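Let me begin by presenting the structure, written as structure tokens, before commenting on it.
The values are calculated or read from the model by the stated rules, or taken from the named source; none is laboratory data. If you're wondering where the values come from, they're calculated on a predicted model, not measured in any experiment. We place every Cβ from the backbone using ideal geometry, glycine too, and count neighbours over all the protein chains shown.
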Amino acid sequence: MTNVPQQNATVQKLPKYIETDLGTEKLCIHCNEYWPLDSEFYFTYRNKKRPEKIYYEAACKCCYDLRYRPNRNKNKGINAVKSYHERSTAA
Ligand SMILES: [Zn+2]
């Protein structure tokens, strides 16, 4: 048994893709979680040069708006928090 002083390891970037029992999973650059590499979890797009290949966005669907359209989601969040707050103080 040896101590593992691998502080540097945590600084290293996580691999973009991992193999699991369920298949390939991709790292979301926004939430740093792995999600199945699937159009259910990631938006896809195609490159004109290689139309047969499907590309996946770097952020998962949950984070996509936060990552690429922060204003739209921020407004929603503020409204939600406000109404919740109003309700709890009124009760
Ligand atoms: Zn995400």
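Pick from the range 47-64 the residues that are within 10 Å of the chain's Cα centre (by Cα) and outside any loop (DSSP other than H, G, I, E, B): which of them is surrounded by the most Cβ atoms within 10 Å (Cβ to Cβ)?
That would be Cys63.
Are there any pairs with C-beta distances below 6 angstrom linking a residue in the range 19-47 that is at positive phi and without any contact (Cβ under 8 Å) to a residue 24 or more places away in the chain to a residue that is surrounded by 11 or more Cβ atoms within 10 Å (Cβ to Cβ) and not in a loop (DSSP other than H, G, I, E, B), with the two at least 6 apart or on different chains, and if so which?
Filtered contacts from the range 19-47: no entries.
Just the residues that are surrounded by fewer than 17 Cβ atoms within 10 Å (Cβ to Cβ) and within 9 Å of the ligand (Cβ to nearest atom), please, taken from the range 31-40.
Within the range 31-40, Cys31, Asn32, Glu33 meet the criteria.
Of all residues being under 14 Å from the mean Cα position of the chain (by Cα) and assigned to a loop (DSSP other than H, G, I, E, B) in the range 16-30, which is surrounded by the most Cβ atoms within 10 Å (Cβ to Cβ)? Just the residue, please.
Here the residue is Cys28.
Taking the range 35-79 as the region of interest, how many residues are of a type outside the set (Val, Ile, Thr) and modelled with pLDDT under 90?
Residues flagged as of a type outside the set (Val, Ile, Thr) and modelled with pLDDT under 90 within the range 35-79 amount to 11.
For the list (1) modelled with pLDDT under 95; (2) closer than 17 Å to Cys63 by Cα, I need the number of the one condition that Lys16 fails.
It fails just one condition, (1).
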